[in-house]
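Here the structure is laid out as structure tokens; the discussion comes afterwards.
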Amino acid sequence: MRVNDENRVITLAIETSCDETACAVLENGRKVLANEVYTQIEIHQTFGGVVPEIASRNHLEKISEVIDKALTDAGIGFSDVDQIAVTYGPGLVGALLVGLSTAKGLAYALDKPLIPVNHIEGHVAANYIAHEGLKPPFACLIVSGGHTHLVDVKDYSTFEIIGRTRDDAAGEAFDKIARTLGLGYPGGPLIDKLAREGNPLAIQFPRAMLEGENLDFSFSGLKSAVLNYLNSCRMKNIEINVPDVCASFQHAVVQVLKIKAEQALKQTGYDTLVLAGGVAANSSLRDVLKTIPGINLYYPPIGLCTDNAAMIGSAGYYSARSGHVGTLMTNAVPNLKIGERKF
């Protein structure tokens, strides 16, 4: 890693794991000089979810434009860049390959290190950007469309999963319930908004796997219970109070997440809980976690909860400091797990 005369390390970061084409420029892993995101949400809303082939094609169309815009916003050129960080997993393989191939080309042309980054570790690192004094170790609750994990973050590049979902991720359940209610995509923000108008105690939906000290999650039963409730109402011509359904479903999810997070803090002995992932934007989840006594709670601003390249740049900076540097042979790993190094 080359450090320039001002003792600055400039990271150019690229993120294309799903349906956002993003590029960011960071100084020393925490100061964001530019964070450009092109989202495909409007395109995929027609289909009720992300269509991988369409996502890949749109990444190809937009990535050069997004990189140019990030460099312009940061006021730098390619010659000022010290390293290239890029998401190489987990995610949609076609989408990942667009970003990774672009990053490889830049690393080769500029003769700069290529830093492969785990997308989920990037979500954790979003908190380093938002909170200057935050540093490991701490317990982290990662909640997104594809992942629900409790992680012992031992240092910037060492992660131990201590709890995970055994079936649906919490964010996936939000999207499926929203689709069934006809709310649209993405489901999480829409349910969160409607839940504020409903009664969270109106319907008693189940909470799974709360026995003992097990830190794993299960949301498939809850999802099925909500779907069964809706189908029963429709068969009996009972009017569905959508805000009450949203509030009751969300309350069930959030209470499980809180209980498990509290157990994780007790088991690890930490007093710091970090929230990460797209569902970290959920207002009810934030409010409920604040009620856990005696902890320091950190979460990113809304703009850093969803997929972006700034978080990839921050994770890449710390990964490079730990000596985790890729090569031009590095490939996409769609099912990459947090803490794994496959490059």
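Among the numbered conditions (1) outside any loop (DSSP other than H, G, I, E, B); (2) under 23 Å from the mean Cα position of the chain (by Cα), the only one that residue 225 does not meet is (2). Does residue 280 qualify as being touching a Cys at 6+ places or on another chain (Cβ under 7 Å) and either more than 25 Å from residue 248 (Cα to Cα) or at pLDDT 95 or above (or both)? No: the conditions fail for residue 280.
Within the stretch 272-293, no residue that is of a type in the set (Asp, Glu) sits with its Cβ atom under 9 Å from a residue that is at pLDDT below 95 at 6+ positions apart or across chains. A count restricted to the stretch 190-217 and to residues that are of a type in the set (Gly, Ala, Ser), buried (at least 17 other Cβ atoms within 10 Å of the Cβ) and more than 17 Å from residue 178 (Cα to Cα) stands at 1.
Of all residues in the stretch 130-158, those being touching a residue at least 40 places away in the same chain (Cβ under 8 Å) and buried (at least 17 other Cβ atoms within 10 Å of the Cβ) number 19.
For the stretch 195-215, the count of residues that are closer than 26 Å to residue 146 by Cβ, among the basic types (Lys, Arg) and at pLDDT 95 or above is at least one. Note on the stretch 209-221: residues that are under 19 Å from residue 174 (Cβ atoms) and more than 23 Å from the chain's Cα centre (by Cα) total 2. Tell me, yes or no, whether the stretch 250-260 has at least one residue that is of a type outside the set (Gly, Ala, Ser) and not in a helix (DSSP H, G or I). Among the residues of the stretch 250-260, not one is of a type outside the set (Gly, Ala, Ser) and not in a helix (DSSP H, G or I), which makes the answer no.
Residues are listed down the side, and each one gets a yes or a no for (1) of a type in the set (Gly, Ala, Ser); (2) farther than 22 Å from residue 152 by Cα; (3) surrounded by 22 or more Cβ atoms within 10 Å (Cβ to Cβ):
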{"residue": "240", "(1), (2), (3)": "no, yes, no"}
{"residue": "243", "(1), (2), (3)": "no, yes, no"}
{"residue": "250", "(1), (2), (3)": "no, yes, yes"}
{"residue": "255", "(1), (2), (3)": "no, no, no"}
{"residue": "275", "(1), (2), (3)": "no, no, yes"}
{"residue": "284", "(1), (2), (3)": "yes, yes, no"}
{"residue": "288", "(1), (2), (3)": "no, no, no"}
{"residue": "298", "(1), (2), (3)": "no, no, no"}
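For the stretch 18-57, the candidate set comprises residues that are farther than 20 Å from residue 333 by Cα and polar (S, T, N, Q); within that set, the residue that is surrounded by the most Cβ atoms within 10 Å (Cβ to Cβ) is 35.
Return a yes/no flag: does the stretch 75-85 have any residue that is surrounded by 24 or more Cβ atoms within 10 Å (Cβ to Cβ), aliphatic (A, V, I, L, M) and in contact with a helix residue (DSSP H, G or I) (Cβ under 7 Å, 6 or more places away or on another chain). Checked against the condition, which is being surrounded by 24 or more Cβ atoms within 10 Å (Cβ to Cβ), aliphatic (A, V, I, L, M) and in contact with a helix residue (DSSP H, G or I) (Cβ under 7 Å, 6 or more places away or on another chain), the stretch 75-85 yields at least one hit.
Just so you know, in the stretch 300-342 the residues that are in contact with a Leu (Cβ under 9 Å, 6 or more places away or on another chain) and surrounded by fewer than 21 Cβ atoms within 10 Å (Cβ to Cβ) include one that is modelled with the lowest pLDDT, and it is 342.
The values are calculated or read from the model by the stated rules, or taken from the named source; none is laboratory data. Note that the structure is predicted; figures quoted are calculated from it, not measured. For neighbour counting, all protein chains shown are included, and Cβ atoms are generated from backbone atoms with ideal geometry for every residue, glycine included.
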